[in-house]
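Reviewing the structure listed below.
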Amino acid sequence: MIARLLLRSWSRGLAVGPGAPCRLLSTGFEPSQYLQRSIVPTMHYQDSLPRLPIPKLEDTIRRYLSAQKPLLDDSQFRKTEQLCKSFETGIGKELHEQLVAQDKQNKHTSYISGQGFDRHLFALRYLAAAKGISMPELFLDPAYRQINHNILSTSTLNSPAVSIGCFAPVVSDGLGIAYAVQDGWIGCNVSTYQGRDAREFLQCVEKALEDMFDALEGKPIKS
């Protein structure tokens with residue numbers, strides 16, 4: 001199932017299908033407008049960005065546990081914590097060293113760091129599988145599978161040549177959201193497998209966007 005939401009100037013209603021009426025974001029270049037067009041191409045500064053190193057394994061494990069703590073009860077968290085400690089001092093340390101060595105040989109790539117941990121752990125899991133190493137227990141932990149069960153999966157491709165794309169859900173009960181922000185409109189396509197209601201989700205997206213528009217325009221937000 002695929003449903004579409006577009007917002008332009010002459011309507012506030014939920015729109016499903018191409019050519020649906022939408023609400024205007026901006027037409028000029030005033031500082032107060034919602035979106036502003038830049039004459040600098042999107043990837044212009046890519047080569048000059050600093051190349052960030054792969055984070056320390058202990059930092060990634062700490063962030064992972066911090067994300068897991070609100071999701072697990074005390075018993076589950078203690079089990080996951082022990083698996084993390086075993087991974088960090090065992091096979092995880094070996095895999096991390098191999099990953100860092102590969103990173104040094106590929107200077108054209110860059111690890112984007114922050115509060116994230118999932119890409120680092122994914123790389124270590126992938127490396128273990130590629131090397132034929134028995135899958136570390138950390139990746140067999142139900143808590144790891146749960147936190148990687150992504151209900152919302154999003155992607156965007158903004159280009160004058162693309163009206164709006166489509167992005168598939170990554171789990172059977174999930175939502176795939178392809179969104180776009182253009183000069184005159186903002187919108188998204190939502191795809192689901194059978195049994196999930198994409199239109200209900202779009203109604204929530206529409207309400208959230210309308211609330212933001214109202215706030216920016218100094219109007220009271222409707223309950």
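The values are calculated or read from the model by the stated rules, or taken from the named source; none is laboratory data. All values derive from a computational prediction rather than experimental measurement. Ideal geometry is used to build each Cβ from the backbone, glycine not excepted, and the neighbour counts take in all protein chains shown. Side chains are part of the model used for accessible areas, which takes the heavy atoms of the whole protein and leaves out ligands, DNA and RNA. Shrake-Rupley method; radii C 1.70, N 1.55, O 1.52, S 1.80 Å.
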Please state which of the following conditions Ile151 fails to meet, knowing it meets all the rest: (1) open to solvent by 50 Å² or more (accessible area, probe 1.4 Å); (2) in contact (Cβ under 8 Å) with a residue 60 or more places away in the chain; (3) touching a strand residue (DSSP E or B) at 6+ places or on another chain (Cβ under 9 Å).
(2)
Give the stretch 135-148 a look and list any residue that's surrounded by fewer than 16 Cβ atoms within 10 Å (Cβ to Cβ), in contact (Cβ under 8 Å) with a residue 24 or more places away in the chain and part of a loop (DSSP other than H, G, I, E, B), or say none.
Asn148
Condition broken by Val171, with the remaining ones in (1) closer than 29 Å to Ser66 by Cα; (2) part of a strand (DSSP E or B) satisfied
(2)
If you go through Ile177, Ile147, the only one that is modelled with pLDDT of 90 or more, aliphatic (A, V, I, L, M) and under 25 Å from Glu94 (Cβ atoms) is Ile147
Members of the stretch 167-204 found to be β-branched (Val, Ile, Thr), closer than 24 Å to Asn148 by Cβ and open to solvent by 30 Å² or more (accessible area, probe 1.4 Å), listed by number:
Val170
Please enumerate the residues belonging to the stretch 165-185 that are hydrophobic (A, V, I, L, M, F, W, C) and closer than 18 Å to Ser153 by Cα.
Cys166, Phe167, Ala168, Val170, Val171, Leu175, Ile177, Ala178, Ala180, Val181
Suppose we keep only residues that are of a type in the set (Asp, Glu) and at pLDDT below 90 within the stretch 87-128. Which one would you say is most open to solvent (accessible area, probe 1.4 Å)?
Asp118
Would you confirm, using the coordinates I've provided, whether Asp59 is farther than 30 Å from Met135 by Cα, among the charged types (D, E, K, R), assigned to a helix (DSSP H, G or I) and at pLDDT 65 or above?
no
Can you report the number of residues in the stretch 198-223 which are over 14 Å from Leu152 (Cβ atoms) and in contact (Cβ under 8 Å) with a residue 60 or more places away in the chain?
7
Can you tell me which of Gly195, Gly132 is modelled with pLDDT of 85 or more, small (Gly, Ala, Ser) and part of a loop (DSSP other than H, G, I, E, B)?
Gly132
Condition first: free of Cβ contacts under 8 Å to residues at least 12 places away in the same chain and either open to solvent by less than 50 Å² (accessible area, probe 1.4 Å) or within 23 Å of Glu97 (Cβ to Cβ) (or both). Now tell me which residues in the stretch 51-70 satisfy that.
Lys56, Asp59, Arg62
Which numbered condition trips up Ala161, out of (1) surrounded by 13 or more Cβ atoms within 10 Å (Cβ to Cβ); (2) out of contact with any Cys (no Cβ under 9 Å at 6 or more places or on another chain)?
(1)
